[in-house]
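Trainee: Let me give you the structure first, and then I'll get to my questions.
The values are calculated or read from the model by the stated rules, or taken from the named source; none is laboratory data. Predicted, not measured: the structure shown is a model, and the values here were computed from it. As a convention, Cβ positions derive from the backbone with ideal geometry for all residues, glycine included, and neighbour counts pool all protein chains shown. Areas reflect the complete protein model, heavy atoms only, side chains present, ligands, DNA and RNA absent. Shrake-Rupley method; radii C 1.70, N 1.55, O 1.52, S 1.80 Å.
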Amino acid sequence: MSTYRSDVVGSLLRPDYLKEARRKRESGELTHADFKKIEDQAVNEAIALQIESGLDVITDGEMRRYAFYGHLIDAVEGYDKFGGWAIPFHDDEGNEVVIKRPVVVSKLRRARPLCEEEFVYLRAKTEHPAKVTLISAQQAAAYYDAEKSKSAYATIDAYLADLVDILKTEVEELIRLGCTYIQIDAPQYAALIDPGIREGYRQRGNDPDRLLDRCIELDNAVIGNHPGITFGIHLCRGNNQSKYYASGGYDPISAVFSRPKFNNFLLEYDDERSGGFDPLKNVPEDRTVVLGLVTSKKPKLESKDELKQRIEEARKYVPMERLALSTQCGFASTEEGNLLTPEQQDAKLRLVAETAEEVWG
């Protein structure tokens with residue numbers, strides 16, 4: 001397995017022409033064939049941008065998704081796209097946006113592969129190291145509603161059993177196609193970090209620590225046992241239009257560093273909401289920590305000296321040879337994107353690559 005010193009979480013800002021094309025396709029103004037040509041163009045530009053930035057590993061920018069979880073909802077029948085419970089995201093100034101989640105309403109059926117088109121196209125376009133991002137089972141567990149989903153699945157466990165089978169199949173197929181780096185996106189862990197959300201779980205009769213155990217079991221079941229394949233997990237506290245939904249350090253979920261099978265931990269560490277580096281002492285000696293020190297939420301560009309200083313702080317808990325650098329999250333977890341310009345996004349990607357080169361060579 002390779003160690004990539006400059007990594008990228010996944011999504012990039014969608015160009016305006018792609019967002020307009022998606023709207024026209026959904027309204028019937030654009031054929032699927034014409035839309036695919038436009039979508040391919042956006043992916044080509046995303047590939048070129050990341051390679052030109054100097055990143056060690058790239059994605060397709062998630063250009064083919066309306067949201068980071070869109071590959072699941074679009075490829076698997078059984079979901080009401082916007083029928084789930086709403087979740088509020090906010091920023092430090094109190095601005096808020098409320099997002100409706102999907103909800104499962106009928107038995108799941110994998111109508112088509114989730115990520116194969118993304119990977120096969122990416123593999124054909126470049127020999128640069130590449131990875132694919134895949135939603136975690138625990139994130140998709142939030143798409144179960146006891147009332148709305150009961151006609152399809154009497155219990156959440158029955159739903160999760162089908163879901164894990166679908167995600168396991170996806171992992172196996174990606175590996176068969178030559179993918180060697182798969183990242184599991186698991187922002188739902190943030191609910192087990194935030195003290196307020198943890199208390200809310202308790203009040204509803206759910207033990208946050210038992211939920212953590214289930215998260216880990218589900219993740220391990222999905223990634224299975226595939227020697228030579230790098231599996232990463234990305235943990236953040238919500239990312240939607242430069243807003244978040246949780247705060248707190250990794251201490252309450254430090255078991256996630258030692259019990260799952262992941263090789264890489266891509267961790268949000270861009271501001272005080274993320275807490276300190278002390279929980280990293282729980283990371284096993286054969287794992288890599290990718291420090292998400294460069295924020296994708298705000299336009300201000302961090303300084304290299306600041307980043308190097310924080311890397312030095314982190315190496316008190318994890319040796320330098322097991323550290324790497326990335327942005328704290330994607331730039332567009334949903335197609336609306338964070339409140340940055342493409343130029344500001346590009347500068348941050350270059351900053352990650354250049355800083356990693358100076359630190360690790």
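Trainee: Would you call Pro252 of a type outside the set (A, V, I, L, M, F, W, C), open to solvent by 10 Å² or more (accessible area, probe 1.4 Å), touching a Leu at 6+ places or on another chain (Cβ under 9 Å) and over 15 Å from Gln138 (Cα atoms)?
Mentor: Yes: the conditions hold for Pro252.
Trainee: Within the range 277-318, restricting attention to residues that are free of Cβ contacts under 8 Å to residues at least 24 places away in the same chain and either in contact with an Asp or Glu (Cβ under 8 Å, 6 or more places away or on another chain) or over 27 Å from Asp346 (Cβ atoms) (or both), which residue is surrounded by the fewest Cβ atoms within 10 Å (Cβ to Cβ)?
Mentor: Asp286
Trainee: In the range 186-201, which residues are open to solvent by 10 Å² or more (accessible area, probe 1.4 Å) and in contact with a helix residue (DSSP H, G or I) (Cβ under 7 Å, 6 or more places away or on another chain)?
Mentor: Correct list: Pro187, Gln188, Ile197, Arg198, Tyr201.
Trainee: Considering only the range 67-96, how many residues are aliphatic (A, V, I, L, M) and surrounded by fewer than 16 Cβ atoms within 10 Å (Cβ to Cβ)?
Mentor: Residues that pass the stated criteria total 2.
Trainee: Considering only the range 98-120, how many residues are within 20 Å of the chain's Cα centre (by Cα), open to solvent by 30 Å² or more (accessible area, probe 1.4 Å) and touching a residue at least 24 places away in the same chain (Cβ under 8 Å)?
Mentor: Result for the range 98-120: 4.
Trainee: Hey, could you check the range 11-63 for residues that are under 22 Å from Glu357 (Cα atoms) and among the acidic types (Asp, Glu) and say which is most open to solvent (accessible area, probe 1.4 Å)?
Mentor: Once the filter is applied, the top-ranked residue is Glu52.
Trainee: Right, something else. Going through Ala141, Ala161, Ala146 one at a time, which residue ends up being in contact with a helix residue (DSSP H, G or I) (Cβ under 7 Å, 6 or more places away or on another chain) and under 25 Å from Asp80 (Cβ atoms)?
Mentor: Result: Ala141 is the single residue among Ala141, Ala161, Ala146 that is in contact with a helix residue (DSSP H, G or I) (Cβ under 7 Å, 6 or more places away or on another chain) and under 25 Å from Asp80 (Cβ atoms).
Trainee: For the range 154-183, name all the residues that are open to solvent by less than 10 Å² (accessible area, probe 1.4 Å) and at pLDDT 95 or above.
Mentor: Passing the criteria: Leu163, Leu167, Glu170, Val171, Leu174, Cys179, Tyr181, Ile182, Gln183.
Trainee: Look at the range 172-196 and say how many of its residues are part of a loop (DSSP other than H, G, I, E, B), among the β-branched types (Val, Ile, Thr) and closer than 16 Å to Asn220 by Cα.
Mentor: Matching residues across the range 172-196 total 0.
Trainee: Being assigned to a loop (DSSP other than H, G, I, E, B), of a type outside the set (Ser, Thr, Tyr), open to solvent by 10 Å² or more (accessible area, probe 1.4 Å) and at pLDDT below 90 narrows it down to one of Asn206, Asn225, so name that one.
Mentor: Answer to the check: Asn206.
Trainee: From (1) within 15 Å of the chain's Cα centre (by Cα); (2) outside any loop (DSSP other than H, G, I, E, B), pick out the condition that doesn't hold for Gly238.
Mentor: (2)
Trainee: Another question about this same structure. Would you be able to say whether some residue in the range 210-217 is touching a Lys or Arg at 6+ places or on another chain (Cβ under 9 Å), under 24 Å from Ile87 (Cβ atoms), crowded, with 16+ Cβ neighbours inside 10 Å and among the β-branched types (Val, Ile, Thr)?
Mentor: yes
Trainee: Return the residues of the range 252-280 that are part of a loop (DSSP other than H, G, I, E, B) and closer than 20 Å to Glu306 by Cα; say none if nothing qualifies.
Mentor: Tyr269, Asp270, Asp271, Gly275, Gly276, Phe277
Trainee: Select from the range 149-158 the residues that are touching a helix residue (DSSP H, G or I) at 6+ places or on another chain (Cβ under 7 Å) and assigned to a loop (DSSP other than H, G, I, E, B) and list them in ascending order.
Mentor: Matches in the range 149-158: Ser149, Tyr153.
Trainee: Would you tally the residues in the range 259-273 being under 30 Å from Asp91 (Cα atoms), out of contact with any Lys or Arg (no Cβ under 9 Å at 6 or more places or on another chain) and at pLDDT 90 or above?
Mentor: 2
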